[in-house]
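> Structure incoming, see below.
The values are calculated or read from the model by the stated rules, or taken from the named source; none is laboratory data. Remember, predicted model here, so these are calculated numbers, not experimental data. Using ideal geometry, Cβ is built from the backbone for each residue, glycine included, and neighbour counts are taken over all protein chains shown. All accessible areas refer to the heavy atoms of the entire protein, side chains included, with ligands and DNA or RNA removed. Shrake-Rupley method; radii C 1.70, N 1.55, O 1.52, S 1.80 Å.
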Amino acid sequence: MKLKRQFSLIITVSIILFLYVAIISFQSWFAISNEIKRSNYIQNINYLADKLESDIYQLQNSKAHSHREQWLEYHSQLKQLLTSAEQSNDIPPSTLLNLQHQNNSLGLLFRYFIKVAEDNNNTDIKHHLSTKLLANLQSFQEEIRLISYNSRNSIISLITEQLYYTIPILVVCMAVISIANVYFARWLKQLVLKVNTRLNVLKKGEFGQVVKTENSDEFNEVFDHINSISRSLMETTISRDNLQKIVTERTKELEKLANTDPLTQTATRRVLFSVGEKEFQRAKRSGQSLSVIIIDCDYFKKVNDQYGHLVGDHALTYICTLVTAEIRDIDTLARFGGEEFVALFPDTNAESAAIIASRIQHSLAQSPLIQDNNKIILTVSIGVAELKESDTSFESLIEQADNALYKAKHEGRNKICVA
Amino acid sequence: MTRIIWLGCFVIITVACITFYFDNKDNSAPTVTIAVPRTPLSAPLYIADKLSLFDSQCIKTNLIDVDGGVASFETMQNHDADFSLSSDSVIVYQKNIEPNFEAFGSIVQSDNDVKLLLKINKDLTQATTANKYRIAIIKNSASEYFLSLYLAYLGISHNTIELIAMRPEEIQSAFEQNIIDGASIWEPYAYEIQSEYKQHISVVESKSLYSLSFNLIGLKANNLASQQSTYCLMDGINKAIEVIANQPVKSQLIVQNRLNLHADFIKWVWRDYWFKLSLGESFLMNLNNLEAWRQKTHNASEQPILFNNVINPQVMMRIKPESVSIHLKNEREL
């Protein structure tokens, strides 16, 4: 069911129940008001009737005209009061007719009484008629008391009806509405919470799907939108972690490209000096030894000329492969330039470095390069230098190794010289 | 098919038994006879009887038409009826004769029911001891009381009036035969006579001089069955009065047909009636006032009469307690 329809249904039922209770309460209030109004009206009639009675007692003992005039005045007021009740329905029509009749009868009897009251000799009839008047007034007042009694009972009945009928219904209505609203609010809160949770998760970059509820079409539409957004984001958006991963990989690739000689896959000159400077400083601080060897391919130009540049490149690569196999992981092999390579040996003295250089030459001598059925024997000249206390920079160490290489070249190549 | 036949027989037998039971139950209700004066004042009885407002499980009613409250009372005294309808005057006058009855309450009041009819050329103030006016009255009734009241009102001496006791149905022929010059008589006789002899008889204007009450009276009985019958009778009358209040036209039609009177008359006389069930202090005041008047006019010097033993408020207390506001004095209080 649509949320709007559910909400409308609850509102409509609530309004209907309240209207029902309001109408009944209004009717009861209206009825009670009428009864109170009737009660006040009856009190006014009673007041005038009492006045009439009082004047008759006065007239029994006196001929005072004032009392006669007063009686007639009260009687006239009573007549008007009873006439006014015809419009207001304060008294049932048949009862009102009786009262009007009795009142008229009182007026006529009073005139008889006044006539005989003038005659002092006729005291018996005067007394008899005055007593008759009092008896008739008494009858009139009994009728009024009956109306008052019924009115009072009617008020009690209405109030009782309110207590036993309207108020329980009102309480039930309030309970039903409250329960319905609590249930509705709780259900709504759960749905909103669900949406909120999914949006928070989406914000974190997780692109799951929301399970739709069957209770609300409106919320199901919202969930559909969320799921659609989630799918779109998932398809077109790379997560931060993935992006970071890619960037890291790309960075590594780029760094690798920047730090590696593309031909021989050895470190570049830049890396040599960077690592060398660090090792130099470390050796200086710790007092550990540090050695370098410079390797130069003998007659490289001749190889290029004889076999081609491609073979020459291959020869350099082959030399680097054999050198890499002879050195440790902590050692660094870099292309110094052209056909020259430098190997850096931390924690290694010149003697050990020379041994490594010797193994390199031996390895080359044992494993000639085979290229297109050509067996090419490659040799290298190596200069070895160890860090001395007088060295003030890594470059000076390189220079010493370079001098040693020059000497090895000068002494006939395929030699090892230690600075 | 056989089952259907058996089922049908069972249903028929069951219905017959139930009908038989209720018929018998109905037949067990006692029959009460009421002597009803032939006057529109008896309307509640006529209507209750016509509309079956008496609970048939409680009583069955038998209405006997009589002429006037005195006749009604006498019928009851002769045990030809269980109940009668009579005016307050009858109670007062008959109280001294037969104290074996009790009044249960008033069912209707009227301030213009008893009238004084006079021949056109007659004026009561012109009567003399030598030329007495012959006025018919119904003895010991509202008729007698009303005439004495009217004469006193005019200051006319009884010496100038010759009272002739008659029955109501004799008055019209008495006029015809010139036996009387006037009559104190109640409706509908006054209307019938005056209508018949419009040119010769007039009605003296006396509205509200005497407001009589019409009352349900019964013989004193101490058994429960009789008391229960009285309750049921009063209950039926109460329902009839409600019908009169709510459906006046229908009520008038019932009375009109019952008494075979003109609709115009019923409508005219109805205006002077107020139907209500009551047993209030005003009733006692009226009885005492009538009794005092009776003693004065009859030159009696009796002890004040207690109406305690002729008024039974129990019935009204059960049927309509809010209508009872009477306080009956006992011997000690007096």
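> Note the buried accessible area between B and A here, summed over both chains, with a 1.4 Å probe, in Å² to the nearest 100.
Numbers: alone 16480 and 25190 Å², together 39090 Å².
Roughly 2600 Å².
> Using the Karplus curve 6.51 cos²θ - 1.76 cosθ + 1.60 with θ = phi - 60°, work out ³J(HN,Hα) for each residue of the range B:311-324 in order, rounded to whole Hz, and write x for Gly and Pro.
10, 10, x, 5, 5, 5, 4, 7, 7, 8, x, 5, 8, 9
> In addition: Normalised by the number of residues in the range B:199-320, what is the relative contact order in percent for Cα pairs under 8 Å and 6+ residues apart?
29
> Taking the mean number of other Cβ atoms within 10 Å as a proxy for protection, how do you rank A:335-348, B:138-151 from highest to lowest? Intermediate results must be reported in sequence, preceding the final value.
Numbers: A:335-348: 21.1, B:138-151: 23.9.
Result, highest mean first: B:138-151, A:335-348.
> Please give the FRET efficiency for A:Y47 paired with A:S157, using the beta carbon to beta carbon distance and R0 = 30 Å, rounded to the nearest 0.05. Don't skip to the end; give the middle numbers.
Details: r = 26 Å, r/R0 = 0.87.
Efficiency computed from Cβ-Cβ geometry: 0.70.
> A 29 angstrom limit on the alpha carbon distance is what I want to check against. Which of A:K79/B:K296; B:K95/B:K115; A:K132/B:K115 exceed it? Please report the intermediate quantities before stating the final value.
Values: A:K79/B:K296 35 Å; B:K95/B:K115 24 Å; A:K132/B:K115 18 Å.
Pairs exceeding 29 Å: A:K79/B:K296.
> In terms of modelled amide H atoms, which long-range or inter-chain residues lie less than 5 Å from the amide H of A:F336?
A:F341, A:V342
> Enter the accessible area per residue of the range B:56-167 (Å², integer; probe 1.4 Å; all protein chains in place). Working shown, then result.
Numbers: 3920 Å² over 112 residues.
The answer is 35 Å² per residue.
> Below 26 Å, Cα to Cα, which lysines can A:K252 reach? Residues fewer than 8 away in the same chain don't count.
Here the lysines satisfying the reach criterion relative to A:K252 are A:K278.
> Angle between the Cα long axis of helix A:240-259 and the longest principal axis of chain A, 0 to 90 degrees, nearest 10?
20
> Test of understanding: extend the Cα→C-beta vector of A:V13 to 7 Å, then name every residue of the range A:166-199 with backbone N under 13 Å from that spot.
In the range A:166-199, the label zone of A:V13 (backbone N under 13 Å from the point 7 Å along Cα→Cβ) covers A:173-185.
> Take the alpha-carbon centre of the range B:94-152, take the same for the range A:249-308, and report the distance between them in whole Å.
Computed from Cα coordinates, the inter-centre distance equals 159 Å.
> For B:K320, go through the aspartates and glutamates and keep the ones whose alpha-carbon is under 17 Å away, minus same-chain ones fewer than eight residues off.
Here the aspartates and glutamates satisfying the reach criterion relative to B:K320 are A:E142, A:E143, B:D55, B:D235, B:E242, B:E281.
> Would you mind giving the mean number of other chain beta-carbons within 10 Å of the Cβ of each residue in B:273-282, as a whole number? Walk me through the numbers before you get to the answer.
Working: counts 2, 11, 2, 7, 1, 4, 1, 8, 5, 10.
What the average comes to for B:273-282 is 5.
> Quick one: compute the contact order of chain A, relative version, from alpha carbon pairs under 8 angstrom and 6+ residues apart, as a percent.
On the way: 430 pairs, mean separation 52.8, N = 419.
Reported as a whole number, the value is 13 percent.
> Using a 7 Å offset from the Cα along the Cα-to-Cβ direction at both A:S232 and B:E192, what is the distance between the two label points in nm, to one decimal?
10.7
> Let me ask something else. To make sure I understand the rule: partners must be aspartates and glutamates, Cα under 16 Å from the Cα of A:K126, and not fewer than 8 residues away in the same chain. Which ones qualify?
A:E53, A:D55, A:E118, B:E291
> Using modelled amide H (1.01 Å from N, peptide plane; none on Pro or chain starts), what sits under 5 Å from the amide H of A:I376, excluding residues fewer than 5 places away?
Excluding prolines and chain starts, which carry no amide H, the hits are A:L369, A:I370, A:Q371.
> By how many degrees, between 0 and 90 and to the nearest 10, does the Cα long axis of helix B:224-246 differ from the longest principal axis of chain B?
80
> Mind checking the mean number of beta-carbon atoms from other chains within 10 Å of the Cβ atoms in B:152-165?
Numbers: counts 7, 9, 4, 6, 0, 0, 0, 0, 0, 0, 0, 0, 0, 0.
Neighbouring Cβ atoms belonging to other protein chains average 2 per residue here.
> Also: For chain A, find the longest principal axis of its Cα atoms and tell me its angle to the long axis of helix A:3-61, 0 to 90°, nearest 10.
With both axes taken from Cα atoms, the answer is about 20 degrees.
> Under the definition of Cα pairs under 8 Å and six or more residues apart, what whole-number percent is the relative contact order of the range B:1-148? Numbers along the way, then the final one.
Working: 133 pairs, mean separation 31.8, N = 148.
Over the range B:1-148, the number comes to 21 percent.
> So if each residue of separation counts as 0.36 nm, and I subtract the Cα-Cα distance between A:E351 and A:T248, what length gain in nm does that give? The partial results should precede the final answer.
Values: separation 103, 0.36 × 103 = 37.08 nm, distance 4.12 nm.
In short, 33.0 nm is gained.
> Within a 10 angstrom radius of each residue's Cβ in B:203-214, how many Cβ atoms of other chains show up on average? Whole number is fine. Provide the component values of the computation, followed by the final result.
Working: counts 0, 0, 1, 2, 5, 13, 8, 3, 10, 0, 2, 0.
Averaged over the peptide's residues, the number is 4.
> Turning to a different aspect of this structure: Could you give the length gained on full extension between A:H225 and A:K256, defined as 0.36 nm per residue of separation minus the Cα-Cα distance, in nm? Before the final figure, lay out the partial values.
Working: separation 31, 0.36 × 31 = 11.16 nm, distance 4.50 nm.
That pair, A:H225 and A:K256, stretches by 6.7 nm at full extension.
> Which peptide among A:269-279, B:38-48, A:363-373 comes first, and what is the full order, when sorted by highest mean count of other Cβ atoms within 10 Å? Please report the intermediate quantities before stating the final value.
Details: A:269-279: 16.9, B:38-48: 25.1, A:363-373: 13.2.
Peptide ranking by packing, descending: B:38-48, A:269-279, A:363-373.
> Along the Cα-to-C-beta direction of A:K409, a point sits 7 Å from the Cα; which residues of the range A:283-308 have their amide N less than 12 Å from that point?
Correct set: A:295-301.
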